[in-house]
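The values are calculated or read from the model by the stated rules, or taken from the named source; none is laboratory data. In this text, all values refer to a predicted model and were calculated from it rather than measured experimentally. Cβ placement follows ideal geometry from the backbone for every residue including glycine, while neighbour counts extend to all protein chains displayed.
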Amino acid sequence: MINIGKINTLKVPKQQGAALYLEDSASRKILLLDKKLPASCQPGDSLDVFVYVDSEGHPVATAQLPLAQVDEIAWLKVVSINYYGAFLDWGLAKNLLLPFGEQLGEMAVGEAHLVRLFLDDKERVAATAKIDKFVADEVADADEFHSGQQVSLLIADKTELGFKAIVNNSYWGLLYQNELFQPLEKGQKRIGYIKQIREDKKIDLTLNQPGYEKIDPLAEQILAKLKANGGVLQISDKSPPEAIYGTFGVSKKAFKQAIGALYKQQLISIEKNAIHLA
């Protein structure tokens, strides 16, 4: 079965004519728009391609993958506007239409907007800026998420508390500013973790994996860095969070837990501004 507007894995037939075709599991042929197969792909192999409907209503495929698929939300730039609507750069040669009826306000070339991709009544891929009807503020099923669960994030607007982020293309969540030790920008895609589902069913997020599952690999990283630096590092549990993140890419809390575990094992000693191999 072909999924329009999605990435499909199709087979490259062993026999090809002047045009390149791929086959689905039912041996139905799909035209490959690319002029040639990727260098690593040979007849008989399977190929991941994006399938969409062309201007004549026929399914076509390309090995060039877009920035987003149907039912996903992305931060896309307006590259042109005409009497149909705005056209967005989504990583393919043919730009993506954002009809006037799916816009929230006047748009200008060069602007970027959060949009959701969908199939119109003719199965053509289009975009809508009206994402709020697809992104919920509250979790409907309490069992859908658990603390520490890995999720995909799309960074959205900055607020007084931190950054709003779209979780798995479906929910709003919040990253708190006092727990961020790296710059974020609207439109970035990140891997994040569920910190907690609050009593009001809203999602608190973190970029650091919660709990003690991070401590062992982080402790190994600290030991390796100590050994590479002659047994001493000019950083400790008293160091600023930014310095810790700049050195190890983790929060101050995770770092303190890691060096605390190493100290209990008598592998390091901790001073005010440094740690040493024991």
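Brief remarks on what is shown
- Residue in region 42-60 that is touching a Gly at 6+ places or on another chain (Cβ under 8 Å), surrounded by fewer than 18 Cβ atoms within 10 Å (Cβ to Cβ) and within 29 Å of Gly187 (Cα to Cα) present: no
- Subset tally (residues that are out of contact with any Pro (no Cβ under 9 Å at 6 or more places or on another chain) and surrounded by 14 or more Cβ atoms within 10 Å (Cβ to Cβ)) for region 78-98: 10
- Tabulated pairs, region 262-275, first in the same structural domain as Leu233 (by TED's automatic domain parsing), second surrounded by 14 or more Cβ atoms within 10 Å (Cβ to Cβ) and among the charged types (D, E, K, R), C-beta under 7 angstrom, 6+ apart or interchain: Ile270/Asp237
- Selected residue [charged (D, E, K, R) and over 31 Å from the mean Cα position of the chain (by Cα)] from Lys227, Lys256: Lys227
- Identification of helices (runs of 4 or more DSSP H) wholly contained in region 201-270 with 2 or more residues that are among the small types (Gly, Ala, Ser) and in contact with a helix residue (DSSP H, G or I) (Cβ under 6 Å, 6 or more places away or on another chain) yields 252-264.
- Selection within region 205-218 - under 15 Å from Lys253 (Cβ atoms) and modelled with pLDDT of 85 or more: Thr206, Leu207, Leu218
- The number of residues in region 122-139 being within 21 Å of Leu174 (Cβ to Cβ) and either in contact (Cβ under 8 Å) with a residue 12 or more places away in the chain or touching a His at 6+ places or on another chain (Cβ under 9 Å) (or both) comes to 7.
- Residues of region 176-194 that turn out to be surrounded by 15 or more Cβ atoms within 10 Å (Cβ to Cβ) and acidic (Asp, Glu), as a count: 1
- Residue match in region 163-172 (condition: β-branched (Val, Ile, Thr), within 28 Å of Leu117 (Cβ to Cβ) and surrounded by 15 or more Cβ atoms within 10 Å (Cβ to Cβ)): yes
- Filtered residue count, region 46-74, keeping only those that are under 23 Å from the mean Cα position of the chain (by Cα), assigned to a strand (DSSP E or B) and either farther than 19 Å from Tyr21 by Cβ or of a type in the set (Ser, Thr, Tyr) (or both): 4
- One residue alone among Leu117, Leu88, Leu98 is closer than 30 Å to Ile197 by Cβ and touching a strand residue (DSSP E or B) at 6+ places or on another chain (Cβ under 9 Å), and that residue is Leu117.
- Residue check, Leu184 more than 21 Å from Asp71 (Cα to Cα), among the hydrophobic types (A, V, I, L, M, F, W, C) and part of a loop (DSSP other than H, G, I, E, B): yes
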